[in-house]
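The next block holds one structure in the form of structure tokens; read it before the comments.
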Amino acid sequence: MNADGRTRLNQTPEWTALAKHREELGDVQLRELFAADSGRGTGYTLRVGDLYVDYSKHLVTDDTLRLLRELAAATDVFGLRDAMFRGERINTTEDRAVLHTALRAPRDAVVEVDGENVVPGVHAVLDKMTEFADRVRSGEWTGHTGKRIRNVVNIGIGGSDLGPAMAYEVLRAYTDRSMTFRFVSNVDGSDLHEAVRDLDPAETLFIVASKTFTTIETVTNATSARGWLLEALGDEAAVAKHFVALSTNAEKVAAFGIDTANMFEFWDWVGGRYSYDSAIGLSLMIAIGPDRFREMLDGFRIVDEHFRTAPAEANVPLLLGLLGIWYGNFHDAQSHAVLPYSHYLSKFTAYLQQLDMESNGKYVDRDGREVEWQTGPVVWGTPGTNGQHAYYQLIHQGTKLIPADFIGFARPVAELSDELKAQHDLLMANFFAQTQALAFGKTPEEVRAEGVPEELVPHKTFRGNHPTTTILAPELTPSVLGQLVALYEHKVFVQGAVWNIDSFDQWGVELGKVLAKRVEPALTEGAEVEGLDASTKALVAAYRELRGR
Ligand code: F6P
């Protein structure tokens, strides 16, 4: 039993029914499923906003989908969803509401946390960001010496980096090309070095992004950036014109020396990995402009509304979440690939890694008990077609089941030359060919019919039956990006709800942080550090010897 009196997930009749159904299906073949239903290619599709979602190439039947939806109903996914949208404290281990959806709520919406409507605050910050972004973009906001700001460097890590860095890449075609944007996250000094080495400090704005403003990597990099700036400009007063902060922690921002008038606020009910449509997106807003930023928020909102209101049979995030459960829990799949066929989405999967793996990488359920079922998968992938010439071999002919999402666009971005636009069909031919090959493979008979010598037939046979979702959108716009991100946010939500885990905490990153603080004096001062294990002690000694001091 769960604390709320419900039966534990793997003892529910719905779970057992799925396990039995999985056995009955055995190694059902996609070839058979398509042969049995000529309408599958169009019937197993859904639309949300601009996204056309094809799930026909999954190892599922109508019964599978019905049983999965019954599992979602038994675990009250929609009940938890409604509690999230209502602002209840569903992040129980941190006792916080989970309201990234309020970040894109319309101005007149009412979303209450502890009886207070948070929407006016959201729009006040958006308005403040808009004003600031316009001033920087127009050149009205100048640096300390009066020079125009031409470079923006976002310093943050995790959710305070991945979101804006990813979205900047995705929306490059919409950015102000006369400005330079860089994103520094790594405490490895080479990250900051490479980001600023060719920049003029007098033209550079640093955006220090940190929800807590205590993250050691970010504070260290921000301190070094301030040193770099002051060395060139030689006046403490310069900080006010070259540093702004994005944070929930005004006290720490002030202690760092940034004027809180130059702080853009957000709230504890915005999780780091769900935050780039909050103030954390300021660098992106400067890059693409406030109007485009708001178009992106509109895109998020389309999918929020869909998730909140669409019935289970038509609810795309629900479907994608349940398909992941089908493979992770009933087919022992360990990973999930996200393979975008757009070079602009080169950082998209890295972004999803935090979103998914920090959310659902948990072995303890909401009641503090170890789960007896698999939770979040390893999420990985890079843009096609590069992956095709690297690791797709393993997806096609390896021994592992790797469900994958293929994301593609009907039109290339408008700014490409006609010649480069013409390459788009070739890109998309690969996109369609890959999911076809993965699903249907090539039988030994088909290989033989090509005259392949018998000893090579096994090598050239493709078993196929590799499940994929195809997500197709007309064009990569700010709104479509918002739709895609919201889709994955809610997919992750669905899975966490079914697994009965808290998808909104991240205690698993704490231990490493604490130990790093403990080990550091052993490296910097050669101090004898209590409690180091034998391996770490020897490694520290080897490091010091190799370093030569
Ligand atoms: O990795 C842990 C984490 O807390 C993430 O959840 C968060 O996005 C990141 O660190 C950065 O935190 P902050 O924005 O507080 O600097």
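Results for (1) touching a residue at least 60 places away in the same chain (Cβ under 8 Å); (2) farther than 30 Å from R463 by Cβ; (3) open to solvent by 30 Å² or more (accessible area, probe 1.4 Å), shown as yes or no for each residue.
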| site | (1), (2), (3) |
| --- | --- |
| R31 | yes, no, yes |
| A35 | no, no, yes |
| V53 | yes, no, no |
| F78 | yes, yes, yes |
| L99 | yes, yes, no |
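Report yes if some residue within the stretch 278-287 is open to solvent by less than 10 Å² (accessible area, probe 1.4 Å), within 13 Å of the chain's Cα centre (by Cα) and within 16 Å of the ligand (Cβ to nearest atom); otherwise report no. Checking the stretch 278-287: not a single residue is open to solvent by less than 10 Å² (accessible area, probe 1.4 Å), within 13 Å of the chain's Cα centre (by Cα) and within 16 Å of the ligand (Cβ to nearest atom). Entry remark, the stretch 148-166: residues being within 15 Å of the ligand (Cβ to nearest atom) and not in a helix (DSSP H, G or I) number 5 in total. Looking only at the stretch 1-29, which residues are over 30 Å from D367 (Cβ atoms) and either among the aliphatic types (A, V, I, L, M) or in contact (Cβ under 8 Å) with a residue 24 or more places away in the chain (or both)? Across the stretch 1-29, the qualifying residues are L25, D27, V28, Q29.
Can you pull out the residues in the stretch 167-185 that are closer than 19 Å to P478 by Cα and within 13 Å of the ligand (Cβ to nearest atom)? Listed by number, the list is empty, since nothing qualifies. For the stretch 402-416, enumerate the residues that are in a loop (DSSP other than H, G, I, E, B) and crowded, with 17+ Cβ neighbours inside 10 Å. Answer for the stretch 402-416, where residues must be in a loop (DSSP other than H, G, I, E, B) and crowded, with 17+ Cβ neighbours inside 10 Å: I402, P403, P412, V413. Every listed requirement among (1) more than 16 Å from G321 (Cβ to Cβ); (2) within 26 Å of the chain's Cα centre (by Cα) is met by V28 save one, (2). So Q353 clears everything in (1) open to solvent by less than 30 Å² (accessible area, probe 1.4 Å); (2) within 26 Å of Y52 (Cβ to Cβ); (3) under 17 Å from the mean Cα position of the chain (by Cα) except one condition, right? Which one? Condition (1) is where Q353 drops out. Just give me the residues in the stretch 254-281 being of a type in the set (A, V, I, L, M), in contact with a strand residue (DSSP E or B) (Cβ under 6 Å, 6 or more places away or on another chain) and modelled with pLDDT of 95 or more, in sequence order. Matches in the stretch 254-281: M263, A279, I280. Taking the conditions exactly as written (outside any helix (DSSP H, G or I), surrounded by fewer than 21 Cβ atoms within 10 Å (Cβ to Cβ) and modelled with pLDDT of 95 or more), does D191 satisfy them or not? Considered against the rule, which asks whether it is outside any helix (DSSP H, G or I), surrounded by fewer than 21 Cβ atoms within 10 Å (Cβ to Cβ) and modelled with pLDDT of 95 or more, D191 comes out as no. Filtering the stretch 194-219 to residues that are touching a Ser or Thr at 6+ places or on another chain (Cβ under 8 Å), away from the ligand (no atom under 16 Å from the Cβ) and part of a helix (DSSP H, G or I) leaves V196, A202. Cβ-Cβ contacts under 6 Å between residues 6 or more apart (or on different chains), taken from a first residue in the stretch 417-442 that is surrounded by 13 or more Cβ atoms within 10 Å (Cβ to Cβ) to a second residue that is of a type in the set (A, V, I, L, M) and not in a loop (DSSP other than H, G, I, E, B), are listed as A439/L30. Of all residue pairs spaced 6 or more apart or on separate chains, those with beta-carbon atoms under 8 Å, a first member in the stretch 389-415 that is farther than 12 Å from T477 by Cα and at pLDDT 95 or above and a second member that is part of a loop (DSSP other than H, G, I, E, B) and among the aliphatic types (A, V, I, L, M) are L394/I402; I395/I402; K400/A333; L401/A333; I402/A333; P403/A333. Screening A254, A225, A250 for residues that are surrounded by fewer than 24 Cβ atoms within 10 Å (Cβ to Cβ), within 16 Å of the ligand (Cβ to nearest atom) and free of Cβ contacts under 8 Å to residues at least 24 places away in the same chain leaves exactly one candidate, A250. Only helices (runs of 4 or more DSSP H) whose full extent lies in the stretch 443-537 are considered here, and the ones with at least 1 residues that are open to solvent by 20 Å² or more (accessible area, probe 1.4 Å) and within 16 Å of the ligand (Cβ to nearest atom) are 510-524.
Scanning the stretch 228-247 for residues that are open to solvent by less than 50 Å² (accessible area, probe 1.4 Å) and in contact (Cβ under 8 Å) with a residue 12 or more places away in the chain returns L229, L233, A238, V239, A240, H242, F243, V244, A245, L246, S247.
The values are calculated or read from the model by the stated rules, or taken from the named source; none is laboratory data. Note that the structure is predicted; figures quoted are calculated from it, not measured. Please note: Cβ atoms are built from the backbone with ideal geometry, for glycine as well, and neighbour counts cover all protein chains shown. These area figures cover heavy atoms from the full protein model, side chains too; ligands, DNA and RNA do not enter into them. Shrake-Rupley method; radii C 1.70, N 1.55, O 1.52, S 1.80 Å.
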